[in-house]
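Input: a single structure, listed below in structure tokens.
The values are calculated or read from the model by the stated rules, or taken from the named source; none is laboratory data. On a predicted model such as this, the values are computed, not experimentally measured, just so you know. FYI the Cβ positions are ideal-geometry reconstructions off the backbone, even for glycines, and counts take in every protein chain you see.
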Amino acid sequence: MVQFDLRLWHRFRTIAAPYWFRDQKWQARGLLLLLVVLLLGQTGFAVLFNELTGEFTSSLAAKDADRFWKSIFQCLAILVVAVPIYAFYYYVRDKLGLFWRRWLTQDYLGRYFSNRAYYELNADPDIDNPDQRIAEDINTFTQRSLYFLLITVGAILQLLAFSGVLWSISKALVFFLIIYAVAGTAITLLVFGKVLIGLNFYQLRREADFRFSLVRIRENAEAIAFYRGEAQESWQIGQYFNLAFANFNKLIRAQLNLNLFQYSYSFMTIILPYSIIAGQVLAGDLEVGRAMQAAGAFAAILSALTVIVDNFESFSRFAAGIDRLDSFAKFLAKKDRRPQGSGQHVKLVQNSHLEIKNLTLQTPNHTRTLIEGLSMTINPGQGVMIVGASGCGKSSLLRALAGLWRSGSGEICRPEAENVVPAPAPLHVAEQLAQPVALSTARYEDIRRGAAGITGARQFA
């Protein structure tokens, strides 16, 4: 279960940090610095607009036409500068997110294809749908990371810029605001945090399983049609969808409770600041325009202090994606990609011919022995016939010869891996081969003498 704690921050930092400290760090830092400068400009303009709003109101209340039109022209002059800054901010943010996604995707793909990690991934039940983690979770991670980072920086700048304005108008509003924001954030995290983050984590998984099952139908359409497996496949896809549906149903129920709290919390801010300063306005101690400025400053500071409350729905989805990427990254980071467990491993030795010495082959988790005590020498040019009932270890022997399965003991001598390709290969591999290459093996009698459990017949050439 994903939780909102320091471990979540540590997982985020592990994924995010490399981009900012490796080969493209100066470009990344430069764009981030530019974004902070643009945020400073946005905050400054927000303060000016809030002040001019007060001027509009005060001049209208005082029926001062010169003061009103002066503030209008000032606002128009500020808009000429502010609009490009706001537009360029979003352009730079999206550009940085795109560069970050490209770097992180290339990094994950590089590790995914190294040391056959993509193959050994199939034996790890905890890492589901790696395609989604690379294609979608990385994109979400980079975009949402920048979004939350920048709204946090923007919140800090807003807090600093408007605190002075609000303090000069009403100290009572400042104290009330701090208590209100802390209480709202605490309730959101403690009451809704664990439930929503967990449900979003499982929703990502259920949706990925459902989508992959549909992709599988397209890839195996001919086999399904040939064996008339439509009913079975339809039932299985329906099961994946039902799981996604049930989890999403729980998610929207939890989201309903959060929305009830969020909107109650938000709408109260329309009433509360005016209620607190109403006495000063009615007594004539505070201009109406200054009251408007106070309300604007109150809203800006409250927005800065309640970033988590206002964005908790998207943050919970973001936290779930962090956990998925972190578990994927930990798998890819393993230095030893041999089959896990306490058992021994088959030794691979480079040689000009194929020789098997006292090979005992087990399943990757070392729970079942498939072949025991097999020894043979196979010279170049010899034919092949591997025979046996289904499940006796024919394909497993080929996996061992290719270096895919190494659970067990013994030694396999073979030519360089680049010169040994099992045939027939998948079409998308075979099309890239300049000429067919066959994996040399021994005669049927040799195999029968070496592995007592192999009977029946199948040809491999």
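For first residues located in the stretch 188-212 and more than 10 Å from ALA319 (Cβ to Cβ) and modelled with pLDDT under 85, partners that are of a type outside the set (A, V, I, L, M, F, W, C) and not in a helix (DSSP H, G or I) and lie 6+ apart or on another chain with Cβ distances below 7 Å form the pairs LYS194/GLN3; ARG205/ASP128; ALA208/ASP128; ALA208/ASN129; PHE212/ASN129. Any residue at all in the stretch 21-38 that's in the same structural domain as LEU160 (by TED's automatic domain parsing), surrounded by 12 or more Cβ atoms within 10 Å (Cβ to Cβ) and not in a helix (DSSP H, G or I)? Yes; the residues of the stretch 21-38 include at least one that is in the same structural domain as LEU160 (by TED's automatic domain parsing), surrounded by 12 or more Cβ atoms within 10 Å (Cβ to Cβ) and not in a helix (DSSP H, G or I). The residue that is nearest to the chain's Cα centre (by Cα), counting only those in the stretch 331-350 that are in a loop (DSSP other than H, G, I, E, B) and at pLDDT 80 or above, is ALA333. Suppose the filter is of a type in the set (Asp, Glu), assigned to a helix (DSSP H, G or I) and either over 30 Å from TYR240 (Cα atoms) or in contact with a strand residue (DSSP E or B) (Cβ under 9 Å, 6 or more places away or on another chain) (or both); does ASP94 pass it? Criteria met by ASP94. If you go through the stretch 216-235 and keep only what is farther than 24 Å from ASP131 by Cα, surrounded by fewer than 11 Cβ atoms within 10 Å (Cβ to Cβ) and either touching a residue at least 40 places away in the same chain (Cβ under 8 Å) or among the charged types (D, E, K, R) (or both), you end up with just ARG228.
Checking the condition assigned to a helix (DSSP H, G or I) and either over 37 Å from the mean Cα position of the chain (by Cα) or of a type in the set (Gly, Ala, Ser) (or both), which residue from LYS63, LYS70 passes?
LYS70
For residues that are of a type in the set (A, V, I, L, M, F, W, C) and crowded, with 20+ Cβ neighbours inside 10 Å, scanning just the stretch 180-208, find the one that is farthest from the chain's Cα centre (by Cα). So, considering only residues that are of a type in the set (A, V, I, L, M, F, W, C) and crowded, with 20+ Cβ neighbours inside 10 Å, the one farthest from the chain's Cα centre (by Cα) is ALA181. Taking the criterion of being surrounded by fewer than 17 Cβ atoms within 10 Å (Cβ to Cβ), in contact (Cβ under 8 Å) with a residue 40 or more places away in the chain and within 30 Å of PRO84 (Cβ to Cβ), would at least one residue in the stretch 1-13 satisfy it? The answer is no, given that none of the residues of the stretch 1-13 is surrounded by fewer than 17 Cβ atoms within 10 Å (Cβ to Cβ), in contact (Cβ under 8 Å) with a residue 40 or more places away in the chain and within 30 Å of PRO84 (Cβ to Cβ). Taking the stretch 105-134 as the range and being under 18 Å from VAL215 (Cβ atoms) and touching a residue at least 24 places away in the same chain (Cβ under 8 Å) as the test, the residues that pass are TYR112, LEU121, ILE127, ASP128, ASN129, PRO130, ASP131, GLN132, ARG133, ILE134. For first residues located in the stretch 348-371 and in contact (Cβ under 8 Å) with a residue 12 or more places away in the chain, partners that are of a type in the set (Val, Ile, Thr) and lie 6+ apart or on another chain with Cβ distances below 6 Å form the pairs LEU348/ILE412; LEU354/ILE378; GLU355/THR377; ILE356/ILE412; LEU361/ILE371; GLN362/THR369.
For the stretch 119-173, filtering for residues that are surrounded by fewer than 19 Cβ atoms within 10 Å (Cβ to Cβ), β-branched (Val, Ile, Thr) and either at pLDDT below 80 or touching a Lys or Arg at 6+ places or on another chain (Cβ under 9 Å) (or both) leaves 1.
Within the stretch 75-104, residues that are farther than 30 Å from ILE15 by Cα sit with their Cβ atoms under 6 Å from residues that are assigned to a helix (DSSP H, G or I) and not aliphatic (A, V, I, L, M), at 6+ positions apart or across chains, in these pairs: ALA82/PHE45; ILE85/GLY41.
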